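The structure appears below as structure tokens.
The values are calculated or read from the model by the stated rules, or taken from the named source; none is laboratory data. Keep in mind the model is a prediction, meaning the values are calculated, not measured. Glycine gets a Cβ as well: all are built from the backbone with ideal geometry, and neighbour counts include every protein chain shown.
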Amino acid sequence: MAPTFQETLFSILQTAFSQTYTCAGAKKVFTPYTSPQIRILNLRQGAQCIAGGLPVEKIHLLVAGKCYILKYSVDGKSIIADTMYPVQLFGLYELLQGSPTYEATVTAASECVLLELPAGAFRQALYENISIALLTLEYLAGMVQHNFRRNDRNLLNSGMENLLLYIHQYCTGKRLPTILPVERKIMSEELGINLRTLYRYINRLKEEGLISIQKGKIQVTSEEFRRLDQIVSEISLDTGSAL
């Protein structure tokens, strides 16, 4: 007997929250869960996942890669409101609020893998399946913590400190030397730092031997990362936050 949608959804959520995945690993693990109701999406960098203003018909579960949350000003200029890493449930906020349309646009900041789930069936599962409801509640608690930490960083840290944390987070776990592929304009929007100020900060970090520049991109060597790691540890102690 084939599993019901709710049984499959619970297995998907359990699997998604159990560990982190590469894009190749996520496709291998989650493809068996696909069905006429559940699709797997492998998006290239820059591809749109959700368009703000369209009807909330799907929930998108991010299981690998990262996405940008984009908001638009009245004159049509896009601003990166947040950078999201797995596990994320895009569209859940609107679903729970009863909003008829998505409130933001979501695009792939890198190659990413998502599962597309029917919003109506997901809502029904939340009301009928306590296990799914509890997993979703844990996810929402994590989102609240994420927002608290982001607000703390904005309030307690300087722009330079947030840039150091940004570079350190990207390099952690990477084989060194590594290059940050992010464009300066995107980095400026992610961090909420004026572009001219960002260039000044980057030049200062280069002068202090904390980064180097290769073909216009920020590069971090093993020795530079060692120095960054020490500074970030001091920032964490000063702010008292878990960064």
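Observations on the model:
To keep it simple, each residue is scored yes or no on (1) modelled with pLDDT of 95 or more; (2) assigned to a loop (DSSP other than H, G, I, E, B); (3) surrounded by fewer than 18 Cβ atoms within 10 Å (Cβ to Cβ).
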site: Met1; (1), (2), (3): no, yes, yes
site: Gln6; (1), (2), (3): yes, no, yes
site: Ser11; (1), (2), (3): yes, no, yes
site: Gly25; (1), (2), (3): yes, no, yes
site: Gly46; (1), (2), (3): no, yes, yes
site: Gly53; (1), (2), (3): no, yes, yes
site: Ile69; (1), (2), (3): no, no, no
site: Gly76; (1), (2), (3): no, yes, yes
site: Glu103; (1), (2), (3): no, yes, yes
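- Annotation note: Cβ proximity below 8 Å between a residue of the range 80-102 that is free of Cβ contacts under 8 Å to residues at least 12 places away in the same chain and not assigned by TED's automatic domain parsing to the domain that holds Tyr170 and a residue that is surrounded by fewer than 19 Cβ atoms within 10 Å (Cβ to Cβ) and of a type in the set (S, T, N, Q) (sequence gap 6+ or interchain) occurs for Tyr93/Ser99.
- Leading residue by the ranking (surrounded by the most Cβ atoms within 10 Å (Cβ to Cβ)) among those in the range 13-23 that are without any contact (Cβ under 8 Å) to a residue 40 or more places away in the chain and not in a loop (DSSP other than H, G, I, E, B): Thr15
Each row is one residue, and each column tells you yes or no for (1) within 28 Å of Ser18 (Cα to Cα); (2) assigned by TED's automatic domain parsing to the domain that holds Ile231; (3) of a type in the set (Val, Ile, Thr).
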| position | (1), (2), (3) |
| --- | --- |
| Glu138 | yes, no, no |
| Gly142 | yes, no, no |
| Phe148 | yes, no, no |
| Cys171 | yes, yes, no |
| Arg175 | yes, yes, no |
| Val182 | no, yes, yes |
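- Test: Leu176 is over 19 Å from Ile80 (Cα atoms), surrounded by fewer than 15 Cβ atoms within 10 Å (Cβ to Cβ) and modelled with pLDDT under 85: no
- Among the residues of the range 84-101, the one identified as crowded, with 18+ Cβ neighbours inside 10 Å and within 22 Å of Ser188 (Cα to Cα) is Met84.
- Flag for Ile40 being assigned to a helix (DSSP H, G or I), in the same structural domain as Ser131 (by TED's automatic domain parsing) and touching a residue at least 40 places away in the same chain (Cβ under 8 Å): no
- Among the conditions (1) touching a strand residue (DSSP E or B) at 6+ places or on another chain (Cβ under 6 Å); (2) exposed (fewer than 13 other Cβ atoms within 10 Å of the Cβ), the only one that Leu115 does not satisfy is (2).
- For the range 86-101, a residue qualifies if it is in contact with a Gly (Cβ under 8 Å, 6 or more places away or on another chain) and in a loop (DSSP other than H, G, I, E, B), and exactly one does: Pro86.
- Only a single item in (1) surrounded by fewer than 21 Cβ atoms within 10 Å (Cβ to Cβ); (2) within 27 Å of Thr34 (Cβ to Cβ) is not met by Ile80, and it is number (2).
- Here Asn203, Asn147, Asn151, Asn194 are screened, and the one residue that is at pLDDT 95 or above and out of contact with any Leu (no Cβ under 7 Å at 6 or more places or on another chain) is Asn203.
- In the range 121-143, the residue that is surrounded by the fewest Cβ atoms within 10 Å (Cβ to Cβ) out of those that are farther than 23 Å from Arg39 by Cβ and within 14 Å of the chain's Cα centre (by Cα) is Gly142.
- For the range 51-73, the criterion of a residue being farther than 21 Å from Leu140 by Cα, in contact (Cβ under 8 Å) with a residue 24 or more places away in the chain and β-branched (Val, Ile, Thr) is satisfied by no position.
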